[in-house]
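Structure first, then comments.
None of the figures in this text is laboratory data; all of them are computed from the coordinates on show. Computed from a prediction, not measured in an experiment: that's the story for all the values here. When we count neighbours, we look across all protein chains shown, and the Cβ atoms used for this are built from the backbone with ideal geometry, even at glycine.
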Amino acid sequence: MTLPSFGSFGSDIEVFEESRSTLLGLAYRILGSRADAEDAVQDTFLKWEQARKDAEPIETPASWLMTVCTRRCIDLLRSAHKARVDYVGTWLPEPIATKTEPTSEEHMALASSLTTAFLLLLERLTPKERAAYLLHEIFEISYPEIAKALDMQEAACRKLVSRARTTVDRPEVRHTVPRARQEQLLDAFEGAIVRGDMASLSALLSDDIDLHADGGGKVPTIQQILRGKDAVLAFIGKVVQPSWSANRWVPVDINGGRGVLLEDDGKIVAAMSFAYDESGNLADIFVVRNPDKLARLREEAIE
């Protein structure tokens, strides 16, 4: 996926809006937070407006916008890392609604870069490694343009991407699971929560499954990652099922795959997304309960 090019300037708003969706997708992948991504895109627009008012020569608007947005994201990511050190419990990316086109291979590949598992791997990279990798590997930006965006030599950018690949390019994280298999998992999970049918869910779980829960210290949840099939099933049966059985179960597309929202009197109280192993079994369950991270789930889907 590449940033759009523009043949004519039009108004400031028209030019910016043509690239807004792509910039938002880039910013979210770098930051793991929709709120921060929207701030970065808004800051980019304000700088765009000011540059046009100052009659600053901009030969390639798309490249200019990408550069400004990337640099702003790197600044925000550095600040975010400091805050995440003091985060209460397990930190997970803010869940987002996503557009799903099962028949499009290109879209499926792009969606795999939105999964919670992939975004958590990106957390292991430095801010510039993360930006360089995403720009080149996901958004297909050339190394010369990346070098300009990061204010680095092209050779240094190539090294950043190469180092990032050793951490991020894992087949088990980027492989896609057929939608039918995802639906099967959702049905089994609903059966476990609503009817207490743990057997159907158990058959779909990996033996070394992990359950991650993010409450941000604002709602009760487990503080550490729960590991192993027996421990996860016991927790679902003894804690999750009694607590959630009366909630409304809403299947949705979250972070590039099928997920679910739990609603209580119309209010979202939890969002779940999943990761699968190469056999199609459930490898990770990601539960976000932090109300601050659930507040924007009804907004425009990210691509």
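The table that follows gives values for the structure above.
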{"item": "Taking only Cα atoms of the chain, radius of gyration then Dmax in Å", "result": "20.2, 66"}
{"item": "Using θ = phi - 60° and Karplus 6.51 cos²θ - 1.76 cosθ + 1.60, couplings along the range 45-50 (whole Hz; Gly, Pro as x)", "result": "5, 5, 5, 4, 4, 5"}
{"item": "Net lengthening on full extension, D187/H175 (0.36 nm per residue, minus Cα-Cα)", "result": "2.2 nm"}
{"item": "Percent breakdown of C-alpha pair distances by 10 Å bin, ordered from the shortest bin, for the range 179-294", "result": "14, 51, 33, 2"}
{"item": "Relative contact order computed over the range 96-253 (Cα-Cα under 8 Å; 6+ residues apart), in percent", "result": "20 percent"}
{"item": "Theoretical gain in end-to-end length, D39 to I225 [0.36 nm per residue, Cα-Cα removed]", "result": "63.9 nm"}
{"item": "Span from the the range 31-92 Cα centroid across to the the range 163-203 one, whole angstrom", "result": "32 Å"}
{"item": "Listed peptides 111-119, 201-209, 219-227, 31-39 by packing density, highest first (mean Cβ within 10 Å)", "result": "111-119, 31-39, 201-209, 219-227"}
{"item": "³J(HN,Hα), Karplus 6.51/-1.76/1.60, whole Hz, each residue of the range 21-27, x for Gly, Pro", "result": "4, 5, 4, 5, x, 5, 4"}
{"item": "Residue (of V219, A275, L297) at the positive-pole extreme of the chain, dipole from beta-carbon charges", "result": "V219"}
{"item": "Residue order, fewest to most surrounding Cβ atoms within 10 angstrom, among I302, I285", "result": "I302, I285"}
{"item": "Cut-off under 5 Å, modelled amide H: who pairs with A270 long-range", "result": "L262"}
{"item": "Angle in degrees between helix 154-168 and the longest Cα principal axis of the chain, rounded to the nearest 10", "result": "0 degrees"}
{"item": "S279/A51 FRET efficiency (R0 35 Å; Cβ-Cβ; nearest 0.05)", "result": "0.10"}
{"item": "J(HN,Hα) series, the range 59-67, from Karplus relation 6.51 cos²θ - 1.76 cosθ + 1.60, nearest Hz, glycine and proline x", "result": "6, 10, x, 4, 5, 4, 5, 4, 4"}
{"item": "The chain, relative contact order [Cα under 8 Å, separation at least 6], %", "result": "22 percent"}
